[in-house]
Amino acid sequence: MTNFDKIKKINESSVFMNDKNMIDLEVLSTKQIDKIIKKAKKIMQSPADYRHACDGKILATLFYEPSTRTQMSFQTAMLKLGGRTIGFDNPMNSSVSKGESLKDTITIIGGYADIIAIRHPIEGTAMAASLCTDVPVINCGDGGHLHPTQTLTDIITLSCEKGRLDNLKIGVCGDLLNGRTVHSLIKTLAKYPNNSFVLISTKELSVPLYIIDILENNGCKYELSNNLADAISDLDMLYMTRIQRERFSSEEEYEAQKNVFVLDKEKLKKAKEDMIILHPLPRVNEITVDIDSDPRALYFKQAQYGMYGRMALILLLLQDEDFTVKNKTAEISEHKCKNPKCITQYENYLPNLSYKKLGMTMCNFCDKRIN
């Protein structure tokens with residue numbers, strides 16, 4: 001019986017999600033995050049020891065949205081572990097094009113695969129998918145909401161290159177409103193002591209208020225900036241992001257924002273010699289190509305770290321009984337989420353699930369306030 005079937009039988013009681021899904025890194029403890037990092041480093045050091053770790057296992061990669069690094073790194077990760085992959089990289093090549101619901105797609109594929117990695121343009125889709133199958137579901141990005149495995153990539157890079165995840169001054173620059181990688185990264189690094197943040201964006205693309213709430217609740221220092229050159233001088237890490245054309249409602253809005261922040265050699269002269277530059281990629285024009293040869297530019301190496309992080313995550317979800325993910329405790333709610341980008345607006349059979357946060361009722365799928 002899937003979680004969805006169990007929930008249908010519940011009227012007014014708490015709902016506990018499957019403990020083998022990776023939907024949001026926020027629910028992991030620092031001890032669990034460190035365990036993933038440690039496993040990734042062990043794989044890097046002795047990859048041959050893991051060539052048959054997933055013999056006979058199948059990973060399904062369901063990508064409803066374009067991807068290069070995330071999709072291929074998951075596929076490569078499974079192949080390097082000895083497993084196999086199935087899936088699609090264009091929903092129009094699947095029964096989705098015929099109107100098949102997410103529930104039916106996931107239920108069927110959950111019967112074929114041992115683990116599912118899903119990317120979707122609609123917020124909360126990975127959580128919804130996890131209700132429809134008993135196999136582990138990994139969120140590979142859901143609209144402008146979250147991207148936990150990119151954050152794994154980022155923090156493994158930080159751990160390997162800086163030697164720590166605490167006592168860092170972190171600059172994030174670009175589209176902080178729609179940047180799911182930014183949201184996941186800030187939420188995760190806010191768990192570690194003495195980290196501070198410089199949030200560099202235009203007013204129109206500033207971080208959502210719930211991210212500010214997380215920083216304040218964790219006692220993190222933060223400052224807002226609209227000038228990259230002024231903000232760069234004392235950063236330990238600069239996390240650049242592209243302005244996401246696909247998240248804008250019009251081409252005019254995108255054009256007004258796309259070239260506001262560009263990291264070039266002139267600005268980089270003001271940075272510390274040991275600052276590192278990360279980027280979730282793809283890059284458009286926010287980092288000039290002449291910076292690629294600078295030893296501080298780690299975004300290509302970062303992508304390699306990501307593959308090892310995904311290998312570690314697959315192994316822990318499939319093989320480590322002690323590695324469980326304590327997701328939020330949800331309740332059946334009489335109120336429907338009003339976020340037009342939430343999966344509940346598209347898949348009407350989904351139950352109205354919510355949780356309490358700071359006295360507010362939040363949607364369990366998209367994490368937006370319901371009332």
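Structure values in brief
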| item | result |
| --- | --- |
| Descending semi-axes in Å of segment 97-155, equivalent ellipsoid built from Cα gyration tensor | 21, 14, 8 |
| Relative contact order (percent, whole number), segment 279-361, Cα cutoff 8 Å, 6+ residue spacing | 19 |
| Candidates 174, 309, 99: whichever shows maximal mean-square fluctuation once the chain is modelled as a Gaussian network with Cα springs under 10 Å | 99 |
| Carbon and sulfur %, accessible surface of segment 56-109 computed with the full protein complex present, 1.4 Å | 51 |
| Solvent-accessible area per residue, Å², over segment 33-145 with all protein chains present [probe radius 1.4 Å] | 41 |
| Stokes-Einstein D in µm²/s, Kirkwood radius over Cα pairs - the chain at 37 °C with 0.692 mPa s viscosity | 156 |
| Dimensionless Rg ratio for segment 64-207, taking C-alpha atoms and the 2.2 N^0.38 Å reference | 1.18 |
| Å² per residue, accessible surface of segment 275-371 at 1.4 Å | 46 |
| √(5λ) per eigenvalue of the Cα gyration tensor, segment 75-129, largest first, Å | 21, 13, 12 |
| In Hz, Karplus ³J(HN,Hα) per residue of segment 35-51 (6.51, -1.76, 1.60; θ = phi - 60°; x = Gly, Pro) | 5, 5, 4, 4, 5, 4, 5, 5, 5, 4, 6, 9, x, 5, 5, 10, 5 |
| Degrees separating the helix 299-319 axis from the principal Cα axis of the chain, which is the longest one | 30 |
| Whether segment 308-369 is rounded, prolate or oblate, judged on the alpha carbon gyration tensor where a/c under 1.5 counts as rounded | prolate |
| Centroid-to-centroid separation of segment 305-371 and segment 64-108 [C-alpha atoms, Å] | 20 |
| Protection proxy ranking, peptides 71-80, 234-243, average beta carbon neighbours within 10 Å, highest first | 234-243, 71-80 |
| Helix 148-162 axis, angle to the chain major axis (alpha carbon atoms, nearest 10°) | 40 |
| Helix 180-189 vs. the chain, principal-axis angle (Cα, 0 to 90°, nearest 10) | 80 |
| Given the chain, longest segment not containing exposed loop GluC sites (Glu not before Pro) (DSSP; at most 14 other Cβ within 10 Å) | 101-272 |
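The values are calculated or read from the model by the stated rules, or taken from the named source; none is laboratory data. The structure presented is a predicted model; accordingly, all values stated were derived computationally and were not measured. Cβ coordinates were reconstructed from backbone atoms using ideal geometry, including for glycine residues, and neighbour counts include every protein chain displayed. Each accessible area value is taken on the protein alone, full model and side chains, heavy atoms only, with ligands, DNA and RNA left out. Shrake-Rupley method; radii C 1.70, N 1.55, O 1.52, S 1.80 Å.
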